[in-house]
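The values are calculated or read from the model by the stated rules, or taken from the named source; none is laboratory data. What you are looking at is a predicted structure, and each value in this text was computed from that prediction instead of being measured. Positions of Cβ are generated from backbone atoms using ideal geometry, with glycine treated the same way; all protein chains shown enter the neighbour counts. Ligands, DNA and RNA are stripped out before the accessible areas are found, and what is left, the full protein with its side chains, is counted by its heavy atoms. Shrake-Rupley method; radii C 1.70, N 1.55, O 1.52, S 1.80 Å.
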Amino acid sequence: MERVIVEREFDVPVDLEELVERARRNALCYELRNVTHVRTIVSNDGRRMICEYDAPDAESVREANDLAGVPYLRVWTARRIG
């Protein structure tokens, strides 16, 4: 499995309760692509977000997000240091 990073930006601050509900509704889209959510980090102004996933590859994460209708700026693989 790869660690995959997803970068997102929003025109208006994200509603955290809505974000949690959307994640619950879209869980099957990620499951179908063997993508597991690790963590989400939201900027203090609520307009930028980084999501980390474990997945077979970056393309699986792109496909899961596309299937769920969740927009993203970039999707890339990474490795943890330290």
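Annotation note: Cβ proximity below 7 Å between a residue of the stretch 51-75 that is touching a residue at least 60 places away in the same chain (Cβ under 8 Å) and a residue that is of a type in the set (A, V, I, L, M, F, W, C) (sequence gap 6+ or interchain) occurs for Tyr72/Val6; Val75/Val4; Val75/Val6; Val75/Ala58; Val75/Val61. Does at least one position in the stretch 5-12 carry a residue that is touching a strand residue (DSSP E or B) at 6+ places or on another chain (Cβ under 6 Å) and open to solvent by 60 Å² or more (accessible area, probe 1.4 Å)? Yes.
For the condition of a type in the set (S, T, N, Q) and exposed (fewer than 13 other Cβ atoms within 10 Å of the Cβ), what is the one hit in Asn44, Asn34? Don't jump to the end; show me each part of the working.
Working: Asn34 fails: exposed (fewer than 13 other Cβ atoms within 10 Å of the Cβ).
Exactly one of Asn44, Asn34 is of a type in the set (S, T, N, Q) and exposed (fewer than 13 other Cβ atoms within 10 Å of the Cβ), namely Asn44.
Annotation: Glu52 fulfils all but one of (1) under 23 Å from Met1 (Cβ atoms); (2) open to solvent by 90 Å² or more (accessible area, probe 1.4 Å); the unmet one is (2). Annotation: of all residues in the stretch 60-76 being loosely packed, with under 13 Cβ neighbours inside 10 Å and modelled with pLDDT of 95 or more, the one that is farthest from Pro13 (Cα to Cα) is Trp76.
Here Arg80 meets each of (1) in a loop (DSSP other than H, G, I, E, B); (2) in contact with a helix residue (DSSP H, G or I) (Cβ under 9 Å, 6 or more places away or on another chain); (3) touching a residue at least 60 places away in the same chain (Cβ under 8 Å) with one exception, condition (2).
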